[in-house]
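*Asks:* The structure is given below, and queries will be raised subsequently.
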Amino acid sequence: MLLLWLVTPNQRLTSWFLRALVSRASKVCPTAMDFDGSSTIRRRQMSVTELAVYVDLIPWHRFGFCASNSAIFKAIEGYSKVHILDFSITHCMQWPTLIDALAKRPEGPPSLRITVPSCRPPVPPFLNVSCEEVGLRLSNFAKFRDVPFEFIVIDDPSYLASTEIMPKESSHDFHFESLLNHLTPSVLNLRDDEALVINCQNWLRYLSNIEQPGSSVQYSSLRDAFLRTVKAFNPCIVLVVDEDSDLSAPSLSSRITTCFNYLWIPFDALETFLPKDSSQRIEYESDIGHKIENIISFEGLQRIERLEPGIKVSERMKNAGFFSVPFCEDTIGEVRSLLEEHASGWGMKREEDHMLMLTWKGHNSVFATAWVPIDLQD
């Protein structure tokens, strides 16, 4: 593994699949491999500055940030108070850009509240500061930009986080069912005079899409329960961004094929501009390896990477009572400007249900969608 930088992207990708298969085999014969039930890949925690560089390497995350922020900005026009429920894995890296845009609003900035859950999937990137510290930094930036700001963390006593030990794959449930019990108007302090925004960036895939016998959740899966819960809050807009691939199949061979045919994209994209011995590239690829290991090595509730393609997510949104809304031309222009800052292989196209699709050399990679409750449909 120390010499991965010497070979081609496909060879490096293949090596991660081989590692995942070895990890899977170790679960069959644990005494031979001394398997302890956790991921074999250990990742360091990044500083905030390092995380900013990380999300800027390729537009994998920034595409969703840009499309969502522009759609949010348009949706909250005329509102003096805004409340964002943020469900994401990138530690609020999306929000400085929106705060800056709100500061420049001709009618003046609204007061902004951002609420985040204390629980988070144990997946990269990991940060070396707490949610509260992230909120403090955002508060300081908002104060500098003269934007009234409040940051709230939904505390869940059942979620035990540690800043000293990396989260383990064995914590596969993430207490999401407990989190759903905390998603109530009273706990969230929802207010009638606020524009409510639901932001889901690379989040839905970690909510189980399988039925859980004996679960107290009344819907078929936690994923559906979450969508119907937030729909009941009557938000003015819901943003859903995720990777466009189907990695939830029960068949291992199907997952291996689909996963390989999809995850070559970031490996290939990184190869176009980072040197062979780049620590940034090796670290980014290691995070993808973390994902591959979970997709290939684990089954049941421990297999948390249950990605669904955009078309399937759209079906779920419609079944939950949402209606898709188009991104405006200003948003399209902002996304295109963002992509111009990166390698020429990146592109964008429009799909059904007003979906924006990030592409690499013509291949679908990340989708962005915007939704409103059917009750609010114009």
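Each value in this text was obtained by applying a stated rule to the coordinates, not by laboratory testing. It should be emphasised that the depicted structure is a prediction, and the values quoted were computed from it without experimental measurement. A quick note on method: Cβ atoms are made from the backbone with ideal geometry, for glycine too, and the neighbour counts reach across all protein chains shown.
*Asks:* Quote the relative contact order of the chain in percent (integer), defining contacts as alpha-carbon pairs under 8 Å separated by 6+ residues.
*Replies:* 23
*Asks:* Can you give me the angle between helix 9-28 and the longest principal axis of the chain, using Cα atoms only, in degrees from 0 to 90, rounded to the nearest 10?
*Replies:* Orientation of helix 9-28: about 80 degrees from the principal axis.
*Asks:* Please give the charge dipole size of the chain, origin at the Cα centre, charges +1 on K and R Cβ atoms and -1 on D and E Cβ atoms. Round to the nearest 20 debye.
*Replies:* In total the dipole reaches around 540 debye.
*Asks:* Return the ratio Rg/(2.2 N^0.38 Å) for segment 271-362, where Rg is computed over Cα atoms only. Don't skip to the end; give the middle numbers.
*Replies:* Values: Rg = 17.3 Å, N = 92, 2.2 N^0.38 = 12.3 Å.
Segment 271-362 yields a ratio of 1.41.
*Asks:* Once phi is turned into ³J(HN,Hα) by the Karplus curve 6.51 cos²θ - 1.76 cosθ + 1.60 with θ = phi - 60°, what whole-Hz value does each residue of segment 112-122 show in order, with x for glycine and proline?
*Replies:* With coefficients 6.51, -1.76 and 1.60, one gets 10, 10, 10, 10, 10, x, 6, 7, 8, x, x Hz.
*Asks:* Moving on. Considering amide H positions built from the backbone, and no H for Pro or chain starts, which residues 5 or more places from M348, or on another chain, come under 5 Å of its amide H?
*Replies:* Placed amide hydrogens put T359 under 5 Å from M348.
*Asks:* If packing is taken as the mean number of other Cβ atoms within 10 Å per residue, what is the order of 342-352, 119-129, highest first?
*Replies:* 119-129, 342-352
*Asks:* Taking every DSSP beta bridge that has both residues in segment 4-376, what percent is antiparallel when rounded to the nearest 5?
*Replies:* Working: 20 of 44 bridges.
Roughly 45 percent of the beta bridges in segment 4-376 run antiparallel, per DSSP.
*Asks:* Grab the alpha carbons of segment 299-340, take their convex hull, and tell me the volume per residue in Å³.
*Replies:* Residue-normalised Cα hull volume stands at 118 Å³.
*Asks:* As I understand it, the value is the acute angle between the Cα axis of helix 62-75 and the longest principal axis of the Cα atoms of the chain; what does it come to in degrees, rounded to 10?
*Replies:* 20
*Asks:* Report, ordered by chain and residue number, the lysines lying within cross-link reach of K231, taken as a straight Cα distance under 21 Å and ignoring same-chain residues fewer than 8 apart.
*Replies:* K74, K81, K312, K318
*Asks:* Taking the convex hull of the Cα atoms, report for the chain its projected area averaged over all directions, in nm².
*Replies:* On the way: hull surface 74.8 nm².
Its average projected convex-hull area is 18.7 nm².
*Asks:* Turning to a different aspect of this structure: Pull up all non-local amide H partners of V366: gap of 5 or more, or a different chain, and H-to-H distance under 5 Å with H placed in the peptide plane.
*Replies:* Under 5 Å from the amide H of V366: D244, L358.
*Asks:* Same structure, new question: Measure of size requested: the Rg and Dmax of segment 63-158, with Cα atoms as the atom set and Å as the unit; please supply both.
*Replies:* Rg and Dmax of segment 63-158, Cα atoms, are 13.5, 44 Å.
*Asks:* Name the aspartates and glutamates eligible as straight-distance cross-link partners of K361: C-alpha to C-alpha under 12 Å, and not fewer than 8 places from it in the same chain.
*Replies:* Counting by Cα, and skipping residues close in sequence, K361 has these aspartates and glutamates nearby: D268.
*Asks:* Which angle from 0 to 90°, rounded to the nearest 10, does the C-alpha axis of helix 329-340 make with the longest principal axis of the chain?
*Replies:* 40
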